[in-house]
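Enquirer: This is the structure I want to talk about, given as structure tokens.
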Amino acid sequence: MTLLMHLTDVSEQEWASAFQAALPNHKIVTRADDFDPKEIKYIYVWKPENDAFDGLENLEVIFSLGAGVDGIVKHPRLPKGVPIVRFVDDELTQCMTDYVVTNVGMHHRQMTRYMREQKSKTWDQYYPERASTINVGIMGLGQLGNDAAQKLSHLGYNVAGWSRSPKNIETIEEFSGADQFDAFLNRTDILVCLLPFTPQTQDILCMENFKKLRRGHLPGGPAIVNAARGGHQNEEDIAVALQDGTLGAASLDVFKTEPLPQASALWVLDNCYITPHIAAISGLDAGIKLVTSQIARYEETGELKHIVDVSRGY
Ligand code: NDP
Ligand code: OXD
């Protein structure tokens with residue numbers, strides 16, 4: 001009954017100590033400890049290295065520290081048939097909604113314009129339109145996208161969502177599937193990406209799609225907000241679009257290469273709002289509670305919640 005921590009860029013020791021306190025009858029190990037790979041029944045993973053699953057012949061469950069599981073699903077030596085459980089938590093959802101609401105509000109309220117005017121000490125009483133004139137479009141209506149959509153809708157925005165399958169959410173307009181994607185883009189002023197990173201969603205934030213966004217409503221041009229994965233965005237296209245007016249502004253929390261390389265053109269654009277992958281974090285207390293309750297349920301009933309569909313990639 002051993003649980004292995006395999007956490008890149010995160011303190012394995014901190015998580016191991018917290019798990020040991022919560023699971024006194026289980027053995028918890030980090031990669032730095034001596035252990036027999038055959039004793040590992042559970043693994044808790046973030047950004048798995050190539051050898052992450054080597055020799056884990058008796059592995060029964062893979063727990064993801066992240067809500068996004070692309071790093072696990074695309075792993076070249078992912079053991080077949082072992083369930084992957086992803087991170088689903090209200091606090092994480094709330095943090096993501098905070099990020100989305102803040103950035104949508106910033107673009108709606110013309111922050112780029114006022115920052116530019118502040119730089120040139122210009123006093124120009126331009127009044128932004130009210131929220132109900134702004135069409136927000138959220139790509140991905142899962143755990144995170146759905147919550148952000150509801151909260152934005154409460155704030156008065158015209159919210160639409162796009163997902164693979166229809167959800168029948170009353171408060172928002174819904175689009176689904178590839179067939180309805182263009183119609184969704186055509187009505188959108190501020191485009192938010194909360195999709196999982198899969199071959200189908202790769203580079204979805206590209207010039208071709210930016211050109212389909214609604215123009216003439218949001219002063220300065222349509223805006224994008226990406227808090228999902230860097231792989232969703234064509235960063236060269238974003239830099240060009242921000243300079244030629246195809247986009248008015250962009251808020252980016254994630255990047256193809258993280259940390260964002262110094263050479264990236266995005267750093268110096270005053271209509272690009274960069275944050276270092278901090279939109280929402282999987283908290284220690286929440287993670288311990290989630291995984292320990294899943295392990296308890298699994299050992300009692302054999303059941304798990306929030307299992308990833310590996311064939312879909314999320
Ligand atoms: P979910 O799996 O709950 O939701 C994914 C949504 O995307 C679903 O509505 C799904 O549709 C939709 N979707 C998937 N593929 C397609 C497609 N090809 N076309 C249209 N819609 C599609 O994910 P979460 O909401 O929990 O998380 C979303 C992402 O947010 C994560 O994958 C992760 O990358 C990112 N994230 C980023 C963080 C940060 O700090 N920046 C923190 C946490 C997560 P359907 O419902 O029909 O299946
Ligand atoms: C996640 C993330 O997927 O932090 O949870 O990016």
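Enquirer: Would you mind finding the one in Thr301, Thr246, Thr275 that is touching a helix residue (DSSP H, G or I) at 6+ places or on another chain (Cβ under 6 Å) and of a type in the set (S, T, N, Q)?
Expert: On the way: Thr301 fails: touching a helix residue (DSSP H, G or I) at 6+ places or on another chain (Cβ under 6 Å); Thr275 fails: touching a helix residue (DSSP H, G or I) at 6+ places or on another chain (Cβ under 6 Å).
Checking each option against the conditions leaves just Thr246.
Enquirer: Next up: So Lys167 fits all but one of (1) touching a Leu at 6+ places or on another chain (Cβ under 9 Å); (2) in a helix (DSSP H, G or I); (3) of a type in the set (Lys, Arg); what number is the exception?
Expert: Looking at each condition in turn, Lys167 falls short on (2).
Enquirer: Can we say Val268 is among the aliphatic types (A, V, I, L, M) and under 18 Å from Val69 (Cα atoms)?
Expert: Details: among the aliphatic types (A, V, I, L, M): yes; under 18 Å from Val69 (Cα atoms): no.
When the stated conditions are applied, Val268 does not pass them.
Enquirer: Take the residues of the stretch 58-79 that are of a type outside the set (A, V, I, L, M, F, W, C), away from ligand 1 (no atom under 16 Å from the Cβ) and closer than 18 Å to Glu303 by Cα: which is surrounded by the fewest Cβ atoms within 10 Å (Cβ to Cβ)?
Expert: Asn58
Enquirer: Listed residues Leu56, Leu4; which is more than 18 Å from Val291 (Cα to Cα) and at pLDDT 95 or above?
Expert: On inspection, the qualifying residue turns out to be Leu56.
Enquirer: What are the residues in the stretch 29-55 that are in contact with a helix residue (DSSP H, G or I) (Cβ under 8 Å, 6 or more places away or on another chain) and open to solvent by less than 20 Å² (accessible area, probe 1.4 Å), if any?
Expert: Val29, Thr30, Tyr42, Tyr44, Val45, listed by residue number.
Enquirer: Name every residue in the stretch 118-161 that is among the aromatic types (Phe, Trp, Tyr) and either open to solvent by less than 20 Å² (accessible area, probe 1.4 Å) or under 21 Å from Pro222 (Cα atoms) (or both), in order of residue number.
Expert: Across the stretch 118-161, the qualifying residues are Tyr126, Tyr127, Tyr157.
Enquirer: Inside the stretch 80-93, can you point out the residues that are within 16 Å of ligand 1 (Cβ to nearest atom) and out of contact with any Lys or Arg (no Cβ under 9 Å at 6 or more places or on another chain)?
Expert: Pro83, Ile84, Arg86, Phe87, Asp90, Glu91, Leu92, Thr93 - these are the residues of the stretch 80-93 that are within 16 Å of ligand 1 (Cβ to nearest atom) and out of contact with any Lys or Arg (no Cβ under 9 Å at 6 or more places or on another chain).
Enquirer: Would you call Thr112 over 25 Å from Ser176 (Cβ atoms), open to solvent by less than 20 Å² (accessible area, probe 1.4 Å) and modelled with pLDDT of 95 or more? Before the answer, list the steps.
Expert: Details: over 25 Å from Ser176 (Cβ atoms): yes; open to solvent by less than 20 Å² (accessible area, probe 1.4 Å): yes; modelled with pLDDT of 95 or more: yes.
So Thr112 fits the description; yes.
Enquirer: Looking at Thr93 and the list (1) crowded, with 22+ Cβ neighbours inside 10 Å; (2) touching a Leu at 6+ places or on another chain (Cβ under 8 Å); (3) hydroxyl-bearing (Ser, Thr, Tyr), which single condition is not satisfied?
Expert: Of everything listed in (1) crowded, with 22+ Cβ neighbours inside 10 Å; (2) touching a Leu at 6+ places or on another chain (Cβ under 8 Å); (3) hydroxyl-bearing (Ser, Thr, Tyr), Thr93 misses just condition (1).
Enquirer: Pairs under 7 Å by beta carbon, first residue within 15 Å of Met96 (Cα to Cα) and open to solvent by less than 70 Å² (accessible area, probe 1.4 Å) in the stretch 265-277, partner aromatic (Phe, Trp, Tyr) and not in a helix (DSSP H, G or I), six or more apart or different chains?
Expert: Qualifying pairs under 7 Å: none.
The values are calculated or read from the model by the stated rules, or taken from the named source; none is laboratory data. In this text, all values refer to a predicted model and were calculated from it rather than measured experimentally. Cβ coordinates were reconstructed from backbone atoms using ideal geometry, including for glycine residues, and neighbour counts include every protein chain displayed. Ligands, DNA and RNA are stripped out before the accessible areas are found, and what is left, the full protein with its side chains, is counted by its heavy atoms. Shrake-Rupley method; radii C 1.70, N 1.55, O 1.52, S 1.80 Å.
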